[in-house]
Amino acid sequence: MKPSSSPSERWLAYREVNPRARLRMFCFPYAGGGASAYRGWNTSLPADMEVCPVQLPGRESRLRDPAFDRAAPLIQTLADALEPYFDLPFVFFGHSMGGMISFELSRELRRRGKTLPLHIFVSGRRAPQLPAREEPIHDLPETEFFEKLRELNGTPEEVLQHAELMKLLLPVLRADFAVNETYDFTEEPPFDFGISAFGGLGDEEVTKDDLELWRLHTRGRFRVRMLPGDHFFLHGAKDLITEAVARDLAELQVPGGSYP
């Protein structure tokens, strides 16, 4: 299902407009997550960068908007909605489902002949050509679906136990898992820009070997970093991630010279 288009501003949450910005970083959430996962990241990154957490439909401030349940229309809509903000050099960061979004949005922009990111950061996401190891869960009966969520350890137990809250969250969780589970990778040439991949040392879903295969999608710089934590290391290792992002950004060439 494709929701109706929204004004561009609705797609960005917790963005602090930075008149000094020379670079923007668009941050995409994991399945069931929202833009709040990246709230406050601007304080840990270079002062002339503008962090733009992307708010997908169906969550947080957009709870009433129907969520996308397939990758292709989501990517196409993002390419349209975010275009006004691609007037500065930019990079993408995405965790788990957000890593796939970062990658596929870059490919969509290339197909359209638009400006591409200078770099993408993929976090907690297997290389896209790797087949899924798990059985799909997005259309399981409610009780079984909740049990699978509990196993994944991404939804706090107090939320899982809160019947009314789970009733609100269920549609977006099912939709996001459907986006992931129906995603169909197709071969395209590698990018010229670099890719940095992050993984959790305790993540049983995404191994270092899974991350190493992102190397095939770039002719530019490539790095893998393994950090403390499970699949949701994004939260506990935030400072380590932003430090690494800042180091990689320092190597970028942007119009007018290197960055920062």
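Heavy atoms only, probe 1.4 angstrom, no DNA, RNA or ligands counted: give me LEU116, LEU201 ranked by accessible area, highest first.
Working: LEU116 50, LEU201 120 Å².
Accessible-area ranking of LEU116, LEU201, largest first: LEU201, LEU116.
Within the assembled protein chains, the solvent-accessible surface assigned to ARG111 is about 130 Å², based on a 1.4 Å probe.
For ARG221, the amide hydrogen comes within under 5 Å of the amide hydrogens of GLY194, ILE195, counting only partners 5 or more places away or on other chains and with H modelled in the peptide plane.
Rounded to the nearest 10 Å², what accessible area does ASP184 show when all protein chains are kept and the probe is 1.4 Å? Accessible area, nearest 10 Å²: 120 Å². Taking label positions 7 Å along the Cα-Cβ direction at both GLU164 and GLU60, the computed distance is 2.3 nm, reported to one decimal.
When shorter helices are ignored and each DSSP H run of at least 4 residues is given -39500 (n - 2.57), the per-residue value for the chain at 222 nm works out to -9500 deg cm²/dmol.
So between ASP192 and ARG133, what do we pick up on full extension, going 0.36 nm a residue minus the alpha carbon distance? Don't skip to the end; give the middle numbers.
Values: separation 59, 0.36 × 59 = 21.24 nm, distance 2.94 nm.
Full extension from ASP192 to ARG133 adds 18.3 nm.
Each residue of the stretch 20-25 was assigned a 3J(HN,Hα) from its phi angle through the Karplus curve 6.51 cos²θ - 1.76 cosθ + 1.60 (θ = phi - 60°); the sequence is 8, 4, 10, 8, 10, 10 Hz, with glycine and proline shown as x. Put a dot 7 Å past the Cα of ARG223, heading toward its Cβ, do the same for LEU201, and the two dots end up 1.8 nm apart. Labels on offer are [x] 19.1; [y] 18.6; [z] 17.9, and the one holding Kirkwood radius over Cα pairs in Å computed from this structure is [y]. Highest mobility in the GNM of the chain, judged by mean-square fluctuation with C-alpha springs under 10 Å and restricted to ARG112, ARG133, ARG125, is found for ARG133. Can you list the residues of the stretch 172-191 with backbone N under 15 Å from a point 7 Å past the Cα of GLU142, pointing along Cα to Cβ? Under cut-off, by backbone N: 172-174.
Considering only alpha-carbon pairs that sit under 8 angstrom and 6 or more positions apart, the relative contact order computed for the chain is 19 percent.
Counting only aspartates and glutamates at least 8 places from LYS114 when in the same chain, those with an alpha carbon closer than 12 Å to its own are ASP80, GLU83, ASP87. Summarising the label geometry, the points placed 7 Å from Cα in the beta-carbon direction at ARG112 and GLN253 lie 2.6 nm from one another.
Is the stretch 11-104 rounded, prolate or oblate when judged by the Cα gyration tensor, a ≥ b ≥ c being the square roots of its eigenvalues, rounded requiring a/c under 1.5 and prolate requiring a/b larger than b/c? Cα axes put the stretch 11-104 in the prolate bin. Our summary gives the stretch 1-151 a relative contact order of 23 percent, counting only alpha carbon pairs under 8 angstrom and 6 or more residues apart. Ligands, DNA and RNA are left out, and with a 1.4 angstrom probe the accessible area of the chain is 46 Å² per residue. Surface composition of the stretch 52-202: carbon and sulfur make up 53 percent of the accessible area, probe 1.4 Å.
The values are calculated or read from the model by the stated rules, or taken from the named source; none is laboratory data. Because the structure is predicted, anything quoted here is derived from the model rather than measured. Positions of Cβ are generated from backbone atoms using ideal geometry, with glycine treated the same way; all protein chains shown enter the neighbour counts. Ligands, DNA and RNA are stripped out before the accessible areas are found, and what is left, the full protein with its side chains, is counted by its heavy atoms. Shrake-Rupley method; radii C 1.70, N 1.55, O 1.52, S 1.80 Å.
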